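The next block holds one structure in the form of structure tokens; read it before the comments.
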Ligand code: GUN
Ligand code: FE
């Protein structure tokens, strides 16, 4: 098939140095790892004689897509009719997450969760589980079964939610520790320290999260930041000593290169400087931001500051309204249009693959087609539907094809998904 992968962020639509494109390419996969990538002739010459060949011509082969912010217990929350974030949380989301106290429920949803992501070509996701340890157990057990590289955490939350969703500073600490000991480094699993956001954690719990971050400095940390004006006002009331929302997380030592901050829409210059200086990542969740009416994230502007902020892109299911990374980037594109900015398709596909892997500091394993990395792949067809096929007749360049995929594509454009070298989409069926 045709290979496409990025070396770095493209500087412009004409930056053909930023990516590798092989029009007659091949990958040699051995033990779930990309052993060789290049032209078909070169790879064929390096392959053993009895190698099994899979022909994906004329489709595009990319690194598997990555989603850097999603809520595993919100599959039955997506498409809930709410006016704004706090109403959506209280009316739909918190009651639904209470159901994850039942192991059987968590296990059932975990199966659907992985099936759906693989159907969409997403091979790695960074997830919030519920407050219940059992939800994290179900999440990581299912990831191991499927040999997927997943990042996730038991949510820590000890106030401003229904009783059934609350832990305590001690319990949140102990159970997060138990999840780390049980799952981190097992299979391809990565555990993230996951205080939900400052509204649902007492200062005591934030200190517990800080203690975990100090004990396990290699782990990811994930939380939410500056998503909605009402949320920001309430948060700052709860932490009056902090300069602003970002300063709350800074005070508890929760910022850094492994920290993922969902949304981060309404930041002051000071806050953006702090994110930049600490290397923290702002995770853009476009479908969610539009669906909940949260605001327009300045994706282009924030990455071009003198002190640039690292960014990732994500669905934020169930505040987000699509599992598809194409739909996600289509909405990201439209948000930039409204802000008078251009998000070019090379940039979008970079962000869905290598960009998100860099945001996770996992580019040595995923997000590229480099030799020695994990063979998580997606095979894409930009002519998957009659309307796409018709439009493809007038497409001449690779960026045009990518833009078509982003604008009209969905799971039907995902011909196959490979996890560690194994084809997993077509066996899922419909
Ligand atoms: N802030 C705190 N929790 C959540 C959540 O579940 N979804 C979104 N979008 N924002 C949040
Ligand atoms: Fe979220």
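The values are calculated or read from the model by the stated rules, or taken from the named source; none is laboratory data. From a predicted model like this one, the values you see are computed outputs, not experimental measurements. Note: ideal-geometry Cβ built from the backbone for every residue, glycine included; neighbour counts use all protein chains shown.
Looking at residue 343, is it within 15 Å of the chain's Cα centre (by Cα), touching a residue at least 12 places away in the same chain (Cβ under 8 Å), more than 16 Å from ligand 1 (Cβ to nearest atom) and assigned to a loop (DSSP other than H, G, I, E, B)?
no
Filtered by the rule that a residue be closer than 30 Å to residue 381 by Cβ and buried (at least 24 other Cβ atoms within 10 Å of the Cβ), the stretch 119-148 gives 120, 121, 122, 123, 124, 125, 126, 127, 143, 148. Of all residues in the stretch 354-374, none satisfies being within 16 Å of ligand 1 (Cβ to nearest atom), in contact (Cβ under 8 Å) with a residue 60 or more places away in the chain and under 23 Å from residue 425 (Cα atoms). Could you say whether any residue in the stretch 231-252 is within 16 Å of ligand 2 (Cβ to nearest atom), part of a strand (DSSP E or B) and at pLDDT 95 or above? There is no residue in the stretch 231-252 that is within 16 Å of ligand 2 (Cβ to nearest atom), part of a strand (DSSP E or B) and at pLDDT 95 or above. Considering the stretch 63-75, the residues that are more than 11 Å from ligand 1 (Cβ to nearest atom) and out of contact with any helix residue (DSSP H, G or I) (no Cβ under 6 Å at 6 or more places or on another chain) include one that is farthest from residue 113 (Cα to Cα), namely 64.
Considering the stretch 316-338, the residues that are in contact with a strand residue (DSSP E or B) (Cβ under 7 Å, 6 or more places away or on another chain) and within 14 Å of ligand 2 (Cβ to nearest atom) include one that is nearest to residue 91 (Cα to Cα), namely 318. Counting only helices (runs of 4 or more DSSP H) that fall entirely inside the stretch 74-144 and contain at least 3 residues that are within 16 Å of ligand 2 (Cβ to nearest atom), the qualifying elements are 85-88, 94-98. Among the residues of the stretch 211-225, is there at least one that is in contact with a strand residue (DSSP E or B) (Cβ under 9 Å, 6 or more places away or on another chain), modelled with pLDDT of 95 or more and in a helix (DSSP H, G or I)? Scanning the stretch 211-225, I find at least one residue that is in contact with a strand residue (DSSP E or B) (Cβ under 9 Å, 6 or more places away or on another chain), modelled with pLDDT of 95 or more and in a helix (DSSP H, G or I), so the answer is yes.
Considered as a group, the residues in the stretch 285-313 that are assigned to a loop (DSSP other than H, G, I, E, B), out of contact with any helix residue (DSSP H, G or I) (no Cβ under 7 Å at 6 or more places or on another chain) and over 14 Å from residue 267 (Cβ atoms) include one that is farthest from ligand 1 (Cβ to nearest atom), and that residue is 306.
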